[in-house]
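Some notes on the structure that comes next.
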Amino acid sequence: MTVGTIANSLLTCERGSTNLNHEERHHGFMRQALELARQGVGLAAPNPYVGALVVDPDGRILGSGFHTYERIKHAEVIALEQARGKGASLKEATLYLNLEPCCHQGRTGPCTEAIIASGVRRVVTAMRDPNPLVNGKGIEQLRAAGIEVIEGVLQDEARKLNESFTKYMRWHEPLVTLKAGMTLDGKIAPPPVQSGAALGSGGPAGPTGGWITSETVARNCGFTPAAAAGIAGS
């Protein structure tokens with residue numbers, strides 16, 4: 001789903017969203033922010049996956065964006081710039097993003113400064129940034145500037161999306177994903193006495209007696225290389 005498709009679908013679905021209660025509204029837009037963030041999978045590392053939406057009080061999307069490492073700019077800055085480019089007033093707008101905005105100088109300036117300067121009324125985030133340079137400090141800066149901040153909306157989904165980033169920030173270790181076809185007793189290949197017809201039906205019978213899984217499983221192992229920083233095999 002592209003950014004434009006998300007924006008158009010929300011404009012269709014969320015008109016009249018003032019009739020929704022606040023929780024439903026926040027959950028709906030946060031799901032879209034997470035969907036935007038997923039467009040950065042394989043493109044944002046070593047940075048986290050972040051999507052952002054700027055929404056007016058009537059539920060109209062004024063700006064949207066997601067982060068990629070190559071484009072440098074963070075998702076919230078892209079969304080705010082898009083909204084300002086339309087000449088929209090942001091004084092009553094809400095910014096939705098799945099990760100707490102940064103408050104330190106890196107390849108870009110602090111996103112908290114851009115948010116404060118934009119004049120948005122409210123920021124809704126899914127989770128705090130595990131980076132020790134941020135980790136709550138960004139939220140503190142926004143609140144100190146008089147911006148309402150709502151935390152923890154769809155937090156579990158957000159943590160799952162950025163679990164590799166979180167693990168590296170907390171323990172300086174990579175998130176390792178192991179995919180293996182195994183028997184119930186922990187074997188990754190049947191013994192030589194068992195031919196491919198027994199356990200490896202559909203797979204070639206080799207020195208080990210064949211595959212445990214089928215050709216279909218071998219072709220569709222459910223692993224997404226784009227989401228991995230490296231792949232090791234034997």
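The values are calculated or read from the model by the stated rules, or taken from the named source; none is laboratory data. As the structure is a computational prediction, the values presented were derived from the model and not from experiment. So basically every Cβ, Gly included, is an ideal-geometry build from the backbone, and we count neighbours across all protein chains shown. Only protein heavy atoms, including side chains, enter the accessible area calculation; ligands, DNA and RNA are left aside. Shrake-Rupley method; radii C 1.70, N 1.55, O 1.52, S 1.80 Å.
Backbone phi angles across segment 106-117, fed through the Karplus curve with coefficients 6.51, -1.76 and 1.60 (θ = phi - 60°), yield HN-Hα couplings of x, 5, 10, x, x, 5, 4, 5, 5, 5, 4, 5 Hz in residue order; Gly and Pro are listed as x. For TYR49, the accessible area of its heavy atoms, probed at 1.4 Å with every protein chain present, is near 20 square angstrom.
Projecting label points 7 angstrom from Cα along Cα→Cβ for ALA180 and ALA144 puts them 5.0 nm apart.
Annotation: lysines with alpha-carbon distance below 24 angstrom to LYS187 (same-chain offsets under eight excluded): LYS179. Eigen-decomposition of the gyration tensor built on the alpha-carbon atoms of segment 92-157 gives equivalent ellipsoid semi-axes of 16, 16, 10 angstrom, largest listed first.
Considering the convex hull of the alpha carbon atoms of segment 31-190, report its projected area averaged over all viewing directions, in nm², one decimal. The partial results should precede the final answer.
Details: hull surface 45.0 nm².
So the Cα hull casts an average projection of 11.2 nm².
Amide H contacts under 5 Å for CYS102: CYS111, THR112, restricted to partners 5 or more places along the chain or on a different chain, H placed in the peptide plane at 1.01 Å from N. When the surface is traced with a 1.4 Å probe over the full set of protein chains, MET127 keeps roughly 10 Å² accessible. Taking a straight Cα-Cα cut-off under 14 Å and skipping sequence neighbours fewer than 8 places away in the same chain, the aspartates and glutamates within cross-link reach of LYS160 are GLU35, ASP129.
Excluding same-chain neighbours fewer than eight residues apart, the lysines reachable from LYS86 by a Cα-Cα span under 21 Å are LYS73. Amide H to amide H, with H built 1.01 Å from N, ALA44 comes under 5 Å of TYR69, counting only residues 5 or more places away or on other chains.
Residue separation of GLU92 and ARG38 scaled by 0.36 nm, minus their Cα-Cα distance, works out to 16.7 nm of gained length. Converting phi to 3J(HN,Hα) with the Karplus coefficients 6.51, -1.76 and 1.60 and the offset θ = phi - 60°, segment 147-163 yields 8, 5, 10, 10, 10, x, 6, 6, 4, 4, 5, 5, 5, 5, 4, 10, 5 Hz in sequence order, with x at every glycine or proline.
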